[in-house]
Amino acid sequence: MNRPILVINSGSSSIKYCLYSTDLKCLDRGQIDRLGGQPTLTSRRDGEAHSRELHAGTSHAQALEQLLDELMASEAQTDHLAVGHRVVHGGSDFSAPVTIDDSVLQRLQAIVPLAPLHQPYNLAAIGAIRDIYPDTPQVACFDTAFHANIGKPATQFGLPARYHDAGVRRYGFHGLSYEYIATRLADTDPQLAAGRVIAAHLGNGASLCALHGGQSVDTSMGFSTLEGLMMGTRCGRLDPGALLYMQASMGMDVEAVTALLYHESGLKGVSGISHDMRDLETSDAPQTREAIDLYVYRILAELGALAVGLQGIDGLVFTGGIGENSAHIRRRVSECLGWLGAELDEAANERNARVISTAGSRIKLCVIPTDEEGMIARHTRERLNHPEELKDTRT
Ligand code: ADP
């Protein structure tokens, strides 16, 4: 029997959710923002937006309890609810979604040091729901899993081998988004899906993924969600020597460097104005132009590396808030690929069309809105319907 599925994406200050019917139609989606301060619950059900404030100081667990109570009370279909969670890191252990039990939860706790800013909030949500509704099945879906088959040397750093063995290696993230893109391409454009495609997930976080025949073969993010492209507030590629210098000569401790790299850098840090691409695109301040120039430059540099690794590129897919909506960024990137034979259809680009390259372009340029929540819902259903495959883990 298929269950309705609640997808939870629990972060440091927000909980996003999406409720799916048994046939995986989205019934209700929303989020609780500003946890730790004055939280607000906003939701969109049947096309109508609802918003209300929760008590100041509401904890993650309390917010989840209220959310589940409301969904259970208002949706007749939630009697046999299952919950799918976005979990940022599966480490070297989990290469596929997994149903939560005590032992899985313990192993996921052991991975916390690999993603200390995200994983604790993901696991806290799982724990809170287990406490409130112990019989509700829960499935963890990992941002790393889609990249699990990337092999050496793409997963390696130039460090002594024992560090790789101890987990200091490249993992890759945004896997649920890339898996959705690969699945969607296979459905809509099987010829391109079978070829060499670079997918660009450009949201607040941002990365690129090299897909060959629908499989991830390399990605710009590595050990952490800092590597690769410049992002909203994260720095992207950085010489590790700069970190040593900051700590040895600029009096910065680990907390200060962490805050700088994750929260004060990227578009926000370089522009000094905003992490939000919409603000930068509409500003005349010269430093916003500099931030956008660097943003595009970093995409092109990483894209070049992945294209060489693929030995050519048949398609480029833009996704994420910026990839799906910013005709300006897509134009800037696409124009620089002219020497590879990419030709942008300006009008199609302006209207965010699905295909934004001309018929004669040697590289197909596409815009595909991502759906990470939908991917989690599908995985959750799949895991529950095929329990014998539950422990699909790597050694
Ligand atoms: P998250 O990674 O948090 O899910 P999103 O995928 O929603 O983020 O992407 C957020 C980014 O998308 C922000 O930088 C925002 O400015 C940008 N964005 C959204 N709509 C537009 C638009 N119309 N034009 C340019 N950028 C946009």
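The values are calculated or read from the model by the stated rules, or taken from the named source; none is laboratory data. In this text, all values refer to a predicted model and were calculated from it rather than measured experimentally. Glycine also receives a Cβ, built like all others from the backbone with ideal geometry; neighbour counts cover every protein chain displayed. Keep in mind that these areas ignore ligands, DNA and RNA; they rest on the heavy atoms of the full protein, side chains included. Shrake-Rupley method; radii C 1.70, N 1.55, O 1.52, S 1.80 Å.
Brief remarks follow.
- Filter result for the condition that a residue is open to solvent by 20 Å² or more (accessible area, probe 1.4 Å), within 12 Å of the ligand (Cβ to nearest atom) and not polar (S, T, N, Q), over 364, 268: 268
- If you go through the range 230-263 and pick out every residue that is within 16 Å of the ligand (Cβ to nearest atom) and farther than 21 Å from residue 327 by Cβ, you end up with 6.
- Filtered by the rule that a residue be outside any loop (DSSP other than H, G, I, E, B), charged (D, E, K, R) and open to solvent by 40 Å² or more (accessible area, probe 1.4 Å), the range 279-304 gives 279, 281, 289, 290, 293.
- Considering the range 22-49, the residues that are surrounded by fewer than 17 Cβ atoms within 10 Å (Cβ to Cβ) and among the polar types (S, T, N, Q) include one that is nearest to residue 377 (Cα to Cα), namely 22.
- Matching residues, the range 118-152, being of a type in the set (A, V, I, L, M, F, W, C) and in contact with a Pro (Cβ under 9 Å, 6 or more places away or on another chain): 139, 140, 141, 142, 145
- Within this structure, residue 158 passes the test of being in a loop (DSSP other than H, G, I, E, B) and either of a type in the set (Gly, Ala, Ser) or crowded, with 18+ Cβ neighbours inside 10 Å (or both).
- In the range 305-327, residue surrounded by the most Cβ atoms within 10 Å (Cβ to Cβ) [restricted to those that are within 10 Å of the ligand (Cβ to nearest atom) and not in a helix (DSSP H, G or I)]: 319
- Of the set (1) surrounded by 22 or more Cβ atoms within 10 Å (Cβ to Cβ); (2) within 8 Å of the ligand (Cβ to nearest atom), all apply to residue 276 but (1).
- Being more than 16 Å from the ligand (Cβ to nearest atom) and either of a type in the set (A, V, I, L, M, F, W, C) or in contact with a His (Cβ under 7 Å, 6 or more places away or on another chain) (or both) holds for only one residue in 300, 294, and it is 300.
- Restricting attention to the range 129-148, the residues being assigned to a helix (DSSP H, G or I), closer than 18 Å to residue 66 by Cα and either open to solvent by 10 Å² or more (accessible area, probe 1.4 Å) or free of Cβ contacts under 8 Å to residues at least 24 places away in the same chain (or both) number 3.
- Checked against the criterion of being of a type in the set (D, E, K, R) and either surrounded by fewer than 14 Cβ atoms within 10 Å (Cβ to Cβ) or within 16 Å of the ligand (Cβ to nearest atom) (or both), the candidates 378, 330 yield just one match: 330.
- Pair list, Cβ < 6 Å and 6+ apart or interchain, from the range 320-339 residues that are small (Gly, Ala, Ser) to residues that are in a helix (DSSP H, G or I) and open to solvent by less than 40 Å² (accessible area, probe 1.4 Å): 326/277; 327/349
- Residues that are more than 12 Å from residue 302 (Cα to Cα) and surrounded by 24 or more Cβ atoms within 10 Å (Cβ to Cβ), drawn from the range 189-226: 197, 201, 202, 211
- Of the criteria (1) without any contact (Cβ under 8 Å) to a residue 12 or more places away in the chain; (2) closer than 28 Å to residue 45 by Cβ; (3) among the charged types (D, E, K, R), which one residue 101 fails: (2)
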